[in-house]
Amino acid sequence: AAQKQGRRRIAHFEASMEAALVRRLMLESELNAALDRGEIEVAYQPQVDLATGAVTAAEALMRWRHPTLGAVPPGVFIPIAEETGLIHQLTAWVMKRAALDAVAWPQPIPVAVNVSALDLQSGDVPSMAVAALEAAGLPASRFELEVTESAFVGADPVVSEAFARLRARGIALALDDYGTGYASLGYLHRFPFTTLKIDKSFVDGVPDDADAMAILQSVVVLARGLGLRTVAEGVELPEQRAALAALGCDIGQGYLFAAPVDNCTLHRMLAEERLAATG
Ligand code: C2E
Ligand code: MG
Ligand code: MG
Ligand code: MG
């Protein structure tokens, strides 16, 4: 009986593997057409000065609205885009869209765009960014790129070169999801970052978890010593905001202030100078 049950379980496992594979292949071919069909959109999430409550920037977050599957999360489609090579087209498109949207915002705040490690390793990021800025007429001082730690594995000279070109242009660079990956402390001064985004997993522990508080405090002190701005990701509670501000963290981003919203909504928030969640 046990053997029979085992066999059934394997059959079930294979069937669900097959379903996952079919879904995956389907997403892959659908993603190929998504840009042309206008299914890719950009949402914007405000970043807020913890001391004053002013919006200091907005992060562009890619959205895929599939006609029958609904919203496909970036955690699902970005890895597929990376494996199929579609990521470059998507990144170039988001940069262009974000620059065009930002140039019309009622406050001259920067827009931050996420770039994938693969984009950076291709060496095309500086020319993609410059093309987006020029097409929109957006000054480089209003453009920032967010890079996750995995981009530096192997300390690729192509990546260093891309960073140097971006900084020479006046484009800001943020190290995203800090604390989750492989970035050693050494990377912080070896690469020309302007901003350090502290991962949500540390923010979650604030203010009750003493370890998370200690880590945050040392990261904030370290960042300040290196002349980097600190942004805390995933701020959801007023107690987190208060504790982060007390630790000296500069900026917060999270549902407490606002979820990612469409461009029209952000436009209205910036015009009214208040956020949905806090106003
Ligand atoms: P990320 O760059 O770290 O972006 C922050 C993520 O946290 C976003 O998820 C945002 O919606 C979510 N978030 C913000 N505030 C809160 C909060 O208070 N609580 C919680 N639970 N979550 C919060 P999203 O939009 O699903 O994006 C996930 C990841 O996908 C991003 O993480 C980024 O790594 C990647 N991604 C998104 N858009 C792009 C893009 O245009 N290009 C690339 N290469 N990656 C992107
Ligand atoms: Mg990001
Ligand atoms: Mg992040
Ligand atoms: Mg994150």
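The values are calculated or read from the model by the stated rules, or taken from the named source; none is laboratory data. Every value quoted in this text rests on a predicted model; they were computed, and no experiment measured them. FYI the Cβ positions are ideal-geometry reconstructions off the backbone, even for glycines, and counts take in every protein chain you see. Surface areas here come from the heavy atoms of the whole protein model, side chains and all, with no ligands, DNA or RNA. Shrake-Rupley method; radii C 1.70, N 1.55, O 1.52, S 1.80 Å.
Which members of region 1-24 meet the condition of being open to solvent by 100 Å² or more (accessible area, probe 1.4 Å) and part of a helix (DSSP H, G or I)? Spell out how you get there, then give the answer.
Pass one, region 1-24, residues open to solvent by 100 Å² or more (accessible area, probe 1.4 Å): 1, 3-4, 7-9, 12-14, 17-18, 21, 23.
Across region 1-24, the qualifying residues are Q3, K4, R7, R8, R9, H12, F13, E14, M17, E18, L21, R23.
Can you confirm whether V103 is closer than 24 Å to L226 by Cα and either within 13 Å of ligand 1 (Cβ to nearest atom) or not charged (D, E, K, R) (or both)?
Working: closer than 24 Å to L226 by Cα: no; either within 13 Å of ligand 1 (Cβ to nearest atom) or not charged (D, E, K, R) (or both): yes.
Here the answer is no, as V103 does not meet what is asked.
Do you know which residues across region 197-216 are assigned to a helix (DSSP H, G or I), over 15 Å from L185 (Cα atoms) and more than 16 Å from ligand 2 (Cβ to nearest atom)?
To start, the set of residues in region 197-216 that are assigned to a helix (DSSP H, G or I) comprises 200-203, 210-216.
Add one more test, that the residue is over 15 Å from L185 (Cα atoms), and what stays is 200-203, 210-214.
A210, D211, A212, M213, A214, listed by residue number.
So, of the residues in region 254-272 that are in contact with a strand residue (DSSP E or B) (Cβ under 8 Å, 6 or more places away or on another chain) and either open to solvent by less than 10 Å² (accessible area, probe 1.4 Å) or of a type in the set (D, E) (or both), which turns out to be nearest to ligand 2 (Cβ to nearest atom)?
My answer is G254.
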